[in-house]
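One structure is given here, and the rest of the page talks about it.
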Amino acid sequence: MDKKQAAVSLRNVTKTFGSVVANSKVNLDIYKGEILALLGENGSGKTTLMNMLSGIYFPDEGQIFINGKEEVIRSPRDAYSLGIGMVHQHFKLVDVLTAAENIILGMEGKLNLKAATAKIADICNRYGFEVDPNRKIYDMSVSEKQTVEIVKVLYRGADILILDEPTAVLTPQETEKLFNVLRNMRDDGKAIVIITHKMHEVESLSDRVAVLRRGEYVGDMITADTTAQEMTDMMVGHSVTLNIERPDPVNPKPRIEVKNLTVRNEDGIVKLDDVSFTANSGEILGIAGISGCGQKELLEAIAGLQPAEAGSISYIDDNGEHDELLGKDPLKIAAMGVTLSFVPEDRLGMGLVGNMDLTDNMMLRSFRRGKTVFTDRKAPKHLAEDVVRDLEVVTPGITTPVRRLSGGNVQKVLVGREIASAPTVLLTAYAVRGLDINSSYTIYDLINQQKKAGVAVVFVGEDLDVLLEISDKILVLCGGKVSGIVDGRTTDKNTVGMMMTRVGGGKLSD
Amino acid sequence: MTNQDKVKEPLFHIVKRDAIPARKAWGIRALAILLALVVCAIITAVLTKDNPLSIYATIFKGAFGSARKTWVTFQDLSILLIISLALTPAFKMKFWNIGGEGQVLIGGLAAAACMIQLAGKMNNVMIIICMIVTSILAGAFWGFVPAFFKAKWNTNETLATLMMNYIATQLVAFYTVRWEVPKGSGKIGIINQSSELGWLPQIGNKYLLSIIVAVIVTTGMYIYLNYSKHGYEIAVVGESENTARYVGMKVKKVIIRTMLLSGGLCGLAGLLLVGGINHTVTTTIAGGQGFTAVMVSWLAKFNPLTMVFTSFLIVFLGRGAGEISTRFGLNHSFSDILTGIILFFIIGCEFFIYYKINFRKSNKKEEEK
């Protein structure tokens with residue numbers, strides 16, 4: 001490793017936001033011809049560190065050396081001219097422009113789309129990308145958009161490439177394709193940094209891992225010489241068990257019965273097409289699928305937030321009585337005596353109010369209680385205190401606005417409130433998205449506790465490994481259709497992955 | 001730093017602050033006002049050759065120079081405060097009601113209509129009750145229309161409320177011609193000057209009524225927004241409609257209800273202007289306060305208690321500015337310039353409350369230490 005030249009060297013880089021220290025005296029080397037996985041829990045400062053390299057933030061202290069020379073990166077333009085390119089978690093593309101137009105957007109010099117298209121084709125051939133330069137972005141799938149982002153960076157001559165959680169939105173097959181491209185780029189001598197939470201990806205892709213913990217650089221290891229367990233322990237700072245519990249369901253009974261559900265969104269596009277399934281009490285029903293395949297609409301339809309075109313959703317109580325949920329709003333569903341809890345995907349945009357403090361957020365579900373026109377903040381305050389204590393929420397106090405908490409703590413507040421009402425049905429959408437390992441396991445535990453208490457849990461997830469470990473049954477959605485329902489204990493990742501891309505699964509060539 | 005070579009660090013960079021202690025925030029605001037006064041003084045000295053200090057003294061005298069002036073200042077403050085409070089629930093809901101002007105006007109027109117049309121048909125008490133009811137209802141209706149369209153078809157409330165202002169102004173213009181006294185004068189004049197029918201009762205003196213109403217509305221609005229279920233719903237809808245729907249709030253109902261309140265309170269301000277203060281109605285009776293109130297409400301961050309101070313500041317500056325233009329024989333625009341400078345500093349200083357600027361030099365000094 002010593003023989004390789006460091007493309008980037010960070011020395012004593014520090015960045016603070018107000019009183020929060022995001023990075024503290026970080027020393028990190030990035031080598032050419034190597035894929036470096038940057039590991040760390042949420043809030044450990046990975047993205048901040050990389051944003052300083054790509055010119056989005058400016059370090060408070062420290063030096064950055066590019067190819068051995070000290071440089072000052074003041075803007076993304078500076079970063080590009082030094083050959084540093086970053087692919088962000090949230091794509092920065094103009095929907096109504098074509099791929100080629102997006103790629104040359106903001107570049108100086110004469111506009112020559114033809115030459116640009118040729119150069120793009122050249123880049124694609126060299127590394128094995130598949131992208132049509134003349135297609136509009138809005139016509140593209142998530143993985144195609146990501147390809148455009150990567151090509152955009154390469155087009156600008158980047159030889160230091162940073163990817164922030166690139167696989168969060170990809171299917172296993174797409175991920176493998178991306179990894180092959182990245183390996184090609186590494187073999188071409190480029191330096192690649194990938195930020196990820198997924199251990200198996202680190203193992204299969206990276207040459208070296210560097211670990212950050214609470215803004216500080218902990219150390220690095222050659223991937224081949226280490227294990228997932230060792231890396232996790234290093235990230236967290238103490239050892240953790242990596243197995244998700246899956247207790248056997250006790251006395252499962254049908255609780256939610258969905259029949260022939262068809263949903264169109266506001267634009268008239270079919271988001272759910274003839275979906276039927278049953279969720280049992282005391283079981284976890286996992287929902288797998290590429291994002292945007294109807295998961296959101298399905299949960300919102302059950303929760304009374306999404307009108308449906310056809311079909312029915314019945315709630316079955318302990319005596320076997322059926323009650324129709326469709327066509328009722330959340331208030332009416334609650335009035336029927338159905339305690340349905342919902343942890344939506346958009347935590348701060350739907351489940352919580354970011355600018356309100358913990359007490360006021362606890363009150364969202366209960367503010368109508370009491371006969372007076374005034375709100376009672378006593379009970380919500382107690383609930384907030386209980387949630388903070390029981391779920392170990394890290395917060396300066398219960399009067400802190402929830403948007404100031406980290407992702408994991410926000411989710412604990414939300415889940416804590418939702419399970420406080422002793423639900424019979426618990427709907428969760430991407431419950432651990434963006435959460436670090438510790439927080440994720442807290443959430444898995446809470447969900448399993450609910451399952452053991454006889455709650456029917458619907459768990460929409462994106463990490464197949466987790467879905468396969470936690471679910472009793474897995475329903476796979478593909479383009480709004482039920483691609484299949486499989487047993488979580490007997491199926492495997494490949495089968496589910498195939499079903500995600502094609503109704504019923506099977507090879508594309510079939 | 002040892003290497004003095006051409007490493008170009010930017011001169012400064014802007015960093016978002018963490019929460020800033022309240023005392024420091026108020027310090028920044030006080031400093032901003034002080035700086036504004038200094039800049040005003042320089043400009044005054046350069047442009048008019050007058051002594052800036054005597055100008056400031058005149059501003060103060062304009063607002064508090066005599067007992068009458070002081071009362072008028074507080075009366076003006078009350079009206080502006082009521083209109084600002086009226087807009088606040090809508091703003092908290094992120095419903096940009098810039099139709100305060102029209103809602104006040106239409107409330108005033110309704111009051112005037114009662115005074116003119118009902119005089120001689122019923123006794124004074126009945127007329128005043130009719131005025132109260134109709135002016136509040138008229139204002140509420142002016143708030144309801146944009147709210148209904150917003151709730152039903154998601155139309156842009158900023159445009160709708162703004163356009164409603166012109167409709168109100170034109171209606172007042174129409175009825176001014178209809179009811180003009182004497183014929184051909186183009187104005188209504190003092191209504192029921194001899195009988196004083198429909199004149200709101202004086203409490204103590206003729207200024208106190210508006211002040212008492214303002215105190216009641218301020219307290220009420222503070223409690224309503226902070227402690228009532230409605231106030232909580234307004235806050236949630238304003239922050240995130242999705243969250244509101246998620247917990248089963250009827251977003252459309254909340255929007256319409258809040259705008260009825262907002263418009264109704266503006267109508268009340270119109271009633272006070274027509275029935276209590278001016279005893280007539282003109283197209284300019286609201287005097288742009290429906291727009292000034294937007295600024296008052298924002299400056300106070302939608303807190304009814306802070307709004308007392310922000311509306312005081314605006315009224316104080318306005319009345320002082322009026323005084324200097326007459327006293328020093330200056331153009332009225334000059335006082336507007338001073339008001340503008342002061343407001344610029346007050347609003348601009350909010351930037352420094354949320355962000356701080358790190359200079360290159362100070363960074364290096366820290367490193368050397």
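Every number in this text was worked out from the coordinates using simple rules, so none of it is lab data. Only a predicted model underlies this, so the values are computations on that prediction, with no experimental measurement involved. When we count neighbours, we look across all protein chains shown, and the Cβ atoms used for this are built from the backbone with ideal geometry, even at glycine.
Some points to look at:
- Low-density loop cleavage sites - GluC sites (Glu not before Pro) in the range B:137-246, where at most 15 other Cβ are within 10 Å (DSSP): B:E180, B:E196
- In degrees, nearest ten, helix B:208-227 long axis to first principal axis of chain B (Cα): 60
- Relative contact order [Cα under 8 Å, 6+ residues apart], the range A:7-106, whole percent: 27
- With the Kirkwood sum run over all distinct C-alpha pairs, chain A has a hydrodynamic radius of 24.7 Å.
- Beta bridges from DSSP with both residues in chain A: antiparallel share about 55 percent, rounded to the nearest 5.
- Other protein chain C-beta atoms within 10 Å of residue C-beta, averaged over A:331-344: 1.
- Directionally averaged shadow of the protein assembly as shown, computed from the convex hull of its alpha-carbon atoms, nm²: 46.5
- Förster-model FRET efficiency, 25 Å R0, B:V133 and B:Y175, C-beta, rounded to 0.05: 0.85
- Mean residue ellipticity (222 nm) of chain B, computed from DSSP H runs ≥ 4 via -39,500 (n - 2.57), nearest 500: -24000 deg cm²/dmol
- Summing charges over neighbours of A:M231, with a neighbour being any other residue whose Cβ is under 12 Å away from its Cβ, gives -4 when K and R count +1 and D and E count -1.
- Counts of other chain beta carbons within 10 angstrom of each beta carbon in peptide A:65-78 average 1.
- DSSP beta bridges confined to the protein assembly as shown are antiparallel in about 60 percent of cases.
- Crossing angle, helix B:157-178 versus chain B [Cα axis fit, 0-90 degrees, rounded to tens]: 40
- Neighbouring partner chain Cβ atoms per residue of A:287-299, average, 10 Å criterion: 0
- Mean projected area of the Cα convex hull of chain B, taken over all directions, amounts to 25.8 nm².
- Loop-located trypsin sites (Lys or Arg not before Pro) across the range B:28-81 with a Cβ neighbour count of 11 or fewer within 10 Å are B:K49, with loop assigned by DSSP.
- Helical content alone sets the calculated 222 nm signal of chain A at -9000 deg cm²/dmol, taking -39,500 (n - 2.57) per DSSP H segment of four or more residues and averaging over every residue.
- Angle between chain B longest axis and helix B:100-118 axis [Cα atoms, degrees, rounded to 10]: 20
- Equivalent ellipsoid semi-axes, the range B:144-302, via Cα gyration tensor eigenvalues times 5, rooted, Å: 35, 21, 12
- Relative contact order computed over the range B:70-311 (Cα-Cα under 8 Å; 6+ residues apart), in percent: 42
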